[in-house]
Amino acid sequence: MNNSELINTLSKRLGMRKEDVSQYVSTMVSIISRQLADNNEVPIANIGTLEVKKRQERLSVNPVSGKRFMVPSKSVVSLKPFPSTKEKIQEKN
């Protein structure tokens with residue numbers, strides 16, 4: 001689902017104008033992004049917790065040339081799903 005599909009779906013379910021829903025979604029994403037930038041966890045009801053994890057520097061190999069190089073450390077956003085979310089995903093598989 002992309003952003004416009006999300007906005008369309010929310011607009012229909014909530015009976016609101018797309019412009020208003022778009023502003024709410026944009027504000028929500030902005031708040032979540034700010035919290036993650038400040039290294040705060042963000043729990044999302046019935047889904048899980050978004051958190052920032054630090055990936056360590058590592059050695060990698062270019063498969064074409066065989067040349068080794070270092071991949072620098074970086075921060076990534078990770079979703080730690082609630083047990084109920086894991087169960088729903090497993091039921092679908």
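In straight-distance terms, cross-link reach from LYS53 covers every one of the aspartates and glutamates whose alpha-carbon lies under 17 Å from its own, apart from those fewer than eight places away in the same chain; here that gives ASP38, GLU41. Pairs exceeding 18 Å between alpha-carbon atoms, taken from LYS12/LYS92; LYS12/LYS88; LYS54/LYS80: LYS12/LYS92; LYS12/LYS88. Candidates SER73, ASN93, ASN3 compared by Cα position along the dipole of the chain: farthest toward the positive end lies SER73, with charges placed on Cβ.
Strictly greater than 16 Å: what percent of every Cα pair in the chain meets that?
72
In the chain, the longest principal axis of the Cα atoms and the axis of helix 83-92 are about 90 degrees apart. Find the relative contact order for the chain and round it to a whole percent, using C-alpha pairs within less than 8 Å whose residues are 6+ positions apart. For the chain, the relative contact order is 20 percent. Our estimate of slack between VAL25 and ILE89, defined as 0.36 nm per intervening residue step minus the Cα-Cα distance, is 20.6 nm. Each residue of the stretch 40-55 was assigned a 3J(HN,Hα) from its phi angle through the Karplus expression (A = 6.51, B = -1.76, C = 1.60, θ = phi - 60°), giving 9, 6, 10, x, 10, 3, 6, 10, x, 10, 7, 8, 9, 10, 9, 8 Hz with x at Gly and Pro.
Sorting 80-93, 42-55 by average packing, meaning the other beta carbons within 10 Å per residue, from highest down gives 42-55, 80-93. Measuring how big the stretch 1-40 is from its alpha-carbon positions, Rg and Dmax come out at 11.7, 35 Å. Relative to the present Cα-Cα distance, how much length would full extension add between MET16 and LEU59 at 0.36 nm per residue of separation? The MET16-LEU59 span can extend by a further 10.4 nm.
None of the figures in this text is laboratory data; all of them are computed from the coordinates on show. Note that the coordinates shown come from a computational prediction; the quantities given were computed from them, not determined experimentally. Using ideal geometry, Cβ is built from the backbone for each residue, glycine included, and neighbour counts are taken over all protein chains shown.
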